[in-house]
1. Cross-link partners among aspartates and glutamates for residue 100, C-alpha distance below 12 Å, same-chain residues fewer than 8 apart left out?
2. Show me the chymotrypsin sites (Phe, Trp or Tyr not before Pro) within the range 51-97 that DSSP assigns to loop and that have at most 10 other Cβ atoms within 10 Å of their Cβ.
3. When the Cα centres of the range 139-185 and the range 35-91 are compared, how far apart do they sit, in Å?
4. If the range 63-153 were replaced by its equivalent ellipsoid, with semi-axes equal to the square roots of 5 times the Cα gyration tensor eigenvalues, what would those be, largest first, whole Å?
5. Calculate for the chain the 222 nm mean residue ellipticity that helices alone would give, adding -39,500 (n - 2.57) per DSSP H run of length 4 or more and normalising by residue count, nearest 500 deg cm²/dmol.
6. I'd like the Karplus ³J(HN,Hα) series for the range 282-296: coefficients 6.51, -1.76, 1.60, θ = phi - 60°, whole numbers in Hz, and an x wherever there's a Gly or Pro.
7. Could you tell me the distance between the Cα centroids of the range 204-252 and the range 265-285, to the nearest Å?
8. What is the dipole size for the range 210-330, taken about its Cα centre, with +1 at each Lys and Arg Cβ and -1 at each Asp and Glu Cβ, in debye to the nearest 20?
Amino acid sequence: MTGKMSRYYNGPVSDHFDGERFFDPHGVRPRDRRDLFRWFIDRRWRGTRAKWPTWAPSPFADHPPPRVEGAALRIAYVGHASFLIQTAGLNILLDPVWSKRASPFRFLGPQRVNDPGIAFADLPPIDVVLVSHGHYDHLDVATLSKLAVAHRPRVIAPLGNDTIMRNHDPAIAAEGYDWQHRIDLGSAAVTLVPTRHWSARSLSDRNMSLWASFVIEAPCGRIYFVGDSGYGDGHNFGDVRKRHGPLKLAILPIGAYEPRWFMRDQHMNPAEAVQAFIDCGAEFAIAHHYGTFQLTDEAIDAPAIALAEALQAAKIPADRFRALRPGEVWQL
């Protein structure tokens, strides 16, 4: 034990918490500032960062129904890592970000190049929000505050992220849980599962909040949502298959992966996402984490192109692993 206390969580030492910071017992430490400086130098002097368009609107805009009942499943892609899941009479948002920037600043940081696929005013009554971790492109406190006012949903997140939310706005009904904790949602349930990533909101709070993926159990089947993850040796995906399979759907990140020397331990590339799809054994998959915020060096269309190539190489039909545009809908 370090003798220090986490800024966001006060709990017992475990196999992934040392009393101050969380860690991945099967992973590696996040890149340090020297690596970040090297990446920035490469961008500046080698021109490694692809130029994205200033604005790349989606041709789609969704107007979801109030509810979807029973075993029917409707999933709308909002953009980046944000989705609306409607099933079993529940409306569930994943990593909701409606802000213009994925940043602690209103005037600086990655800016969205397309509107959310659902206008905030067009959202149906939101019952539950799942937030995978504390990075700004996944935990958007401004959006969570708006949701608290308009919908008063339960907000379920890994340990410590609940403190981040309540520190910003006590009205956010945030609940923090550890890996492998199962939460009853009434007509569904959700379990937090390990993922290969890390967390930070500033330069001084690295890994003081936990990160997780989610397995949602519903009458339609089990849905595996991975907010951010490196592939590593793939054991997390195989473990979910063993513990929670069979899976109907996996929602997997495919973007923000270049340069590989910097990103490989925290973000999968499309080929790794296809392997994760195979490993977890899901029947279908939906891609995310691309095309809205430029976080890394690849071109805006590179993830979708590479996904199509990886699926072809693995002899997997393209309709089993879809890359949607904001506002597009996937249904069962």
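The values are calculated or read from the model by the stated rules, or taken from the named source; none is laboratory data. Please read all numbers here as calculations on a predicted model, not as lab measurements. Quick reminder, even Gly has a Cβ in these numbers, built from the backbone with ideal geometry, and neighbours come from all protein chains shown. When the accessible area is computed, the model is the full protein with side chains, heavy atoms only, and any ligands, DNA or RNA have been set aside. Shrake-Rupley method; radii C 1.70, N 1.55, O 1.52, S 1.80 Å.
1. 115, 137, 140
2. 55
3. 20
4. 24, 13, 11
5. Value at 222 nm, helices only: -6000 deg cm²/dmol.
6. 5, 6, 9, 9, 10, 8, 7, 6, 7, x, 10, 10, 7, 9, 9
7. What the calculation gives is 11 Å, centre to centre.
8. The dipole magnitude comes to about 440 debye.
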